[in-house]
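The structure under discussion appears below in the form of C-alpha cells.
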There are 2 protein chains.
Amino acid sequence: MSQLQQALRSLEDTFGRRFNATSAMRESHGRDESWHEAALPDAVVFPESSAEVQRIVSVCAEYGVPIVPWGTGTGLEGAVCAVRGGVSVDLSEMNNIVAVHPEDLDAVVQPAVTHRALNQHLKTSGLFFPVDPGADASLGGMAATRASGTNAVRYGTMRENVLALEVVLADGRIIRTGTRAKKSSAGYDLTRLFVGSEGTLGIITELSLRLFGTPESIAVAVCPFETLEGAVETVIATIQSGIPVARIELLDELQIKSINDFSGLSLPEKNTLFLEFHGSENSTEEQALFVEALASECGGGDFQWRTKTEERQELWRARHNVAYACKKLRPGAELWATDVCVPISRLAECILETKKDLEKTSLLAPLVGHVGDGNFHLTILVKPEIASEVEEAKRLNQRLVERAIAMDGTCTGEHGVGLGKREYLLKEHGEGLSVMKTLKDALDPQGLMNPGKIFLES
Amino acid sequence: MSQLQQALRSLEDTFGRRFNATSAMRESHGRDESWHEAALPDAVVFPESSAEVQRIVSVCAEYGVPIVPWGTGTGLEGAVCAVRGGVSVDLSEMNNIVAVHPEDLDAVVQPAVTHRALNQHLKTSGLFFPVDPGADASLGGMAATRASGTNAVRYGTMRENVLALEVVLADGRIIRTGTRAKKSSAGYDLTRLFVGSEGTLGIITELSLRLFGTPESIAVAVCPFETLEGAVETVIATIQSGIPVARIELLDELQIKSINDFSGLSLPEKNTLFLEFHGSENSTEEQALFVEALASECGGGDFQWRTKTEERQELWRARHNVAYACKKLRPGAELWATDVCVPISRLAECILETKKDLEKTSLLAPLVGHVGDGNFHLTILVKPEIASEVEEAKRLNQRLVERAIAMDGTCTGEHGVGLGKREYLLKEHGEGLSVMKTLKDALDPQGLMNPGKIFLES
C-alpha cells in the first residue's frame, strides 16, 4: 500500500463519513471560480475542530501527503487546485461565530464563517465587518488570500482587520498569533505573516477580527461620466483630497451593461462611479458635496442618490455580483480576472493604456475596480478550449502586470498569487522572493502545505 | 589576531574616520534612555549608504561578529545594548528624505530621518506623518520597534503606516519588501515581518511611508476629571461609540504635576484627558460636543480649548516630553516604563488594579497613556543602585504584564521587547514564540543580528 493509500485509510478510519473520496466530491474540490484548470485532490475531509485539523495535518505529514485547505472555493487564482493531489481540507463544518465582543469592537470566528454570515449575525448589534469581496467567501479564505473589497479604501483589507489567528502548522502544532489588544510590539508579526500565505504555511482555524460601528448616516450615489478618464480623475482627486470616502468603485460601460442585464438595473451605459459616504448626517453631506463638485469638473453628471436602504442594497448586490454578470455576457466562458494595484497617481495612465491594449485584441473584458485603492480588474471572458484566446488573455495580462510593476505597483491587489501570479513574483519582489521561500522552507520543510502555490516549483 | 580584531581592522580600513572605537563613542552607543544597564559595542561605524551597510554586515558575517543597529538611542527596552559586543551600526548619516509623492500620499526616507524632521519637511505640503512617539526617534528605529504614539488611535502605528522597506539581511543581501501600491496579495508580507523585528532579522536602510492630508480643522481640548475611573470610562465610551478621535491621552495627577513643573504649564493637578479632533469645522465640533457630553457624565469638567496653534503645540510638546518631565521629578533616577496594551473594555480594571498595586509600593511612577488604544505606561523612577527598588519595580511590572496577558492583551504595546520583555513572550505567545525563533534561525543562522534581543538566550 502506498504512502498516500495509508494516509487515506488512516483518515477514513478517523473521520468515517466525513472522509470522502468519491469522484463527485473530488471534482467539486478541484477548482475555484476562475479559468484555472481543475486538479483534483485524492480525498476530501471535513474536520469539525482545530484538533481534527491538527489530526489531518499530522497524518499527512507522517505519510508525506499534500494538504490543500478549502473555504468556499470562490477564489480566482487557482489556490485550491490540488496540483499535487493529496487531501482537501474542507473547513465548511467549522462555521461558528465563537464570540462577539461589542465592547471591544471585535469578533472571534471559525474559518468557514462567511463575511455575509458574520454581518447578518451582527445586524442588530450596530456593528459590521467591512471586508467584502464580491463572492460570499469564508473569512478563513479571505485571510489566507489577504482579500479586500469595496470598503477597503476606508477600512483596510484583511491585513488591517485580522487581529489574531489560530493556525495549525505543517508539523501539527497549533499556535495563536496575537492577542485581542489593538496594537502590540511583542515580537514578530505572525498574524500578518499568515494573512496572505494562501495555506502554504499552515491552516487558519480561528480568526479574531476588528469590527466597526455602523455609521450614523450612509449616503450612496451613482455618477455616470462622459469619459473613462474623467471618472478616474475624479477618483484620484477624491483620494488626494483626503476625503474619507467609504466606497468608490468604477465600472466601465460594458460592466454597467452586464449588471443591467444580470441584476435588472437600468443604469445609463456609461463609465460610472458608485460612491458611498459614512459619517454623521452633516459629514456625509459635506463629503458628498465635495466629491460631486470634483466629479462635475471631470465631466461627471449629477449624483443620483440611492436614499432607501433597499435601493442601496440592490446597487451593492449588483456590484458584488459582477463576476456572475460577466459570465452571463458570454455563456460558456471562464473568468480570467486581472488584479493589478498601482499608486493612485498612476491609475489613469494604467487604466487607459490597458484599455488601448484591450482594444487591439478580440477579447471581451469588462472593467471594474476598487479604484480608490488604485486597484482594478479586467474580467477577461475566455473559452479555455480556444487556445488563441487563452494566449491573447495571457499576453494582455502579462503586459498589464508588467505595466503595474513598472509603476511601483503590484501584480495582485487582492486575489492572491495562487497559480496565476507565480511567474511575476520574481519581477515584483526580486531577492525578496527568495526570502519568502526561506520562510516557506523553514515552516514547511516537507513542502506539503498547499504545494505549487505562490512559488513556481523548480 | 582574533576574529573580532580582524573584522574591526577590515571595517577601519574601509570606513576610516567613520569607524570609531574610542571609549567615549562606545559608551555613547551602549545604552538607550531606559534603566537597562549599558553594554558597549566594540566599535561604532557610520555608513552613508545601503551599500555601506551591506559592506558592514558582510564583514561581520564573515568574522562572526554581532551587529547592533543604532538610530537615535531613544528606545526604552535596551534594544541597542550590545550585550554580546560587536559593531554598532550608527545610521545617523543616512538621514535624507529621498522623495515625497504628495499625489500618492507617501514618502521615501532613509532610516535616520526622525518623525519630527519628516513633518518639518512636509510643513508646507499640506501633508503629515502621524506616528509620533515621545522622543524624536528615527523612522528606521520606529519601524524596527513597531512604534506608535498619540495619533495611533486614529491613524495606526508603524504597522499600518510603513508601505515598504529596504532591508540588508544577515547574509548581506539587500531586499525591498513591498511596493508603493496601497494594498497587495502578492506573497508573504515581508514588510510586516521586518516592522517590529528590532534589528534581529536585518537592518532597515530605507522606508516608504504613508502620509495623510493635514485636516481642515483641528480642535484640541483638555478635560480634568474628579476621578481616574471617570477619565478612563470616558475613553472607553468614546472608542465604543466609534467617534474617530485623533488623540485621546490620559495623564494622572502626578504626571500632570510633572509636566507643569517641566514644561511650565499650570494645569489643575487632576487626572486629565488631552483630546484632539480632526475633520471639517463641522465634524470636529460634532465630535467634540459628543465626547464632552460623555465626559460630563463621567465627572469630567468642561473642555478647556486650545484654539491657537501655539497653545496646541505647547500642550503636545509637554505631552511628548513626559519622559524628561518624569526624570526631573526624581533627579538621578532612571526610567522603567511599563507598556501593556489591553482590550479597551478591560482598560479601567487594568489601570485601577495597577494603581492599587502601585500604592502598596514605595515607588514613584506617574501614569500616562495612549488610552484610546488600551495602552498605558507607568514610568517607574528607579535608582538602579538601590537593589530593593529595582526588585519592587520588577515585581510591579511583572504583575502588570501578567494582568494584561490574562486580559488577552500584550506585554508591550509600542516599546518593543528588547531586553526587558523577553521573559514574558512565552506566556504571551506560547508555541508562537518558537515559530518566531524558527524564523530568526532561518534568516539569521549565525545569530549575529542584534543578538540577545526578543529571545532569551538558552
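We did not get these values from a lab; they are worked out from the coordinates using the rules stated. As the structure is a prediction and not an experimental result, all values here were calculated from the model. Glycine gets a Cβ as well: all are built from the backbone with ideal geometry, and neighbour counts include every protein chain shown.
Assuming charge only on the beta carbon of Lys and Arg (+1) and of Asp and Glu (-1), the dipole of the protein assembly as shown about its Cα centre is about 1280 debye to the nearest 20.
Residues whose amide H comes within less than 5 Å of that of A:H377, counting only those at least five positions distant or on another chain, are A:V368, A:G369, A:H370 (H built at 1.01 Å from N in the peptide plane).
Between B:A164 and B:S208, the built amide H atoms are under 5 Å apart, and every one of these is 5 or more places off in sequence or on another chain. Each DSSP beta bridge with both residues in the protein assembly as shown is either parallel or antiparallel, and the antiparallel ones are about 85%.
Computed from phi, the 3J(HN,Hα) profile of region B:428-435 under the Karplus parametrisation 6.51, -1.76, 1.60 (θ = phi - 60°) reads 6, 10, x, 4, x, 5, 5, 5 Hz, with x in place of Gly and Pro. Between B:D136 and A:A387, the FRET efficiency from the beta-carbon distance, with R0 = 45 Å, is close to 0.15. Considering region B:217-324 at the alpha-carbon level, its Rg and Dmax are found to be 13.0, 37 Å. How far is the Cα center of region A:210-259 from the Cα center of region B:108-164, in Å? Distance between centres, Cα-based: 29 Å. Across the identical copies, the 7 Å label point of B:D302, projected outward along Cα→Cβ, sits 4.5 nm from its counterparts, in ascending order.
Label reach from A:E37 (point 7 Å along Cα→C-beta): in region A:391-422, amide nitrogens under 20 Å belong to A:391-398, A:417-422.
Suppose we look only past 57 Å in the calculated P(r) of the protein assembly as shown. What percent of the Cα-Cα pairs does that tail hold? Tail fraction, whole percent: 8.
Using just the alpha carbons, could you tell me how many Å³ per residue the convex hull of chain A encloses?
Considering the Cα atoms of chain A, their hull volume per residue is 147 Å³.
Label positions at B:Q240 and B:D261, each projected 7 Å from the Cα along the C-beta direction, are separated by 3.7 nm. Sorting A:340-352, B:135-147 by their mean Cβ neighbour count within 10 Å, with the most densely packed peptide first, gives B:135-147, A:340-352. Dipole check for chain A: with +1 at the C-beta of Lys and Arg, -1 at the C-beta of Asp and Glu, and the Cα centre as origin, the magnitude is about 740 Debye.
Per-residue shielding of B:191-202, expressed as the average number of other chain Cβ atoms within 10 Å of the residue Cβ, stands at 4.
Each copy carries B:E216; placing its label point 7 Å along the C-beta direction from Cα gives inter-copy distances of 1.6 nm, listed from smallest up. Taking every DSSP bridge with both residues inside region B:3-90, close to 20 percent are antiparallel. Amide H contacts of B:A137 (H built 1.01 Å from N, in plane; Pro and chain starts excluded): B:H115 sit under 5 Å, all sequence-distant by 5 or more or on other chains. Between this copy and the others, label points of B:Q313 are 5.3 nm apart in ascending order, each placed 7 angstrom from Cα in the Cβ direction.
Only helical runs count toward this figure. For chain A, summing -39,500 (n - 2.57) over DSSP H runs of n ≥ 4 and dividing by all residues gives -11000 deg cm²/dmol at 222 nm. As a proxy for reagent exposure, ranking A:W305, A:W316 by other Cβ atoms within 10 Å from fewest up yields A:W305, A:W316. With the convex hull drawn over the C-alpha atoms of region A:3-90, the volume per residue is 82 Å³.
Neighbour counts of C-beta atoms inside 10 Å place A:V232, A:V108 in the sequence A:V108, A:V232, starting with the fewest. The Cα center of region B:322-348 and the Cα center of region A:384-417 differ in position by 52 Å. Taken one residue at a time, the phi angles of region B:97-105 give Karplus couplings (6.51, -1.76, 1.60, θ = phi - 60°) of 8, 6, 7, 10, 10, x, 5, 10, 6 Hz. Gly and Pro are set to x. Distance between the 7 Å Cα→Cβ label points at A:L352 and B:Y324: 5.1 nm.
Placing dummy labels 7 Å off each Cα toward the beta-carbon, the span from B:Q304 to A:I97 is 4.5 nm. Averaged over the residues of peptide A:239-248, the number of Cβ atoms from other protein chains lying within 10 Å of each residue's Cβ is 3. Contact order, relative form, for chain B: 16 percent (alpha carbon pairs under 8 Å, 6 or more residues apart, mean separation divided by residue count).
When peptides A:362-369, B:329-336 are ranked by their average number of other Cβ atoms within 10 Å per residue, the highest-first order is A:362-369, B:329-336. Neighbouring Cβ atoms from other chains, within 10 Å of the Cβ of residues in B:282-291, number 2 on average. In order along region B:16-23, the Karplus-derived 3J(HN,Hα) couplings, from 6.51 cos²θ - 1.76 cosθ + 1.60 at θ = phi - 60°, round to x, 6, 8, 10, 9, 10, 5, 4 Hz, and Gly and Pro are given as x. Residues A:K123, B:K421, ranked from the fewest to the most other C-beta atoms within 10 Å, line up as A:K123, B:K421.
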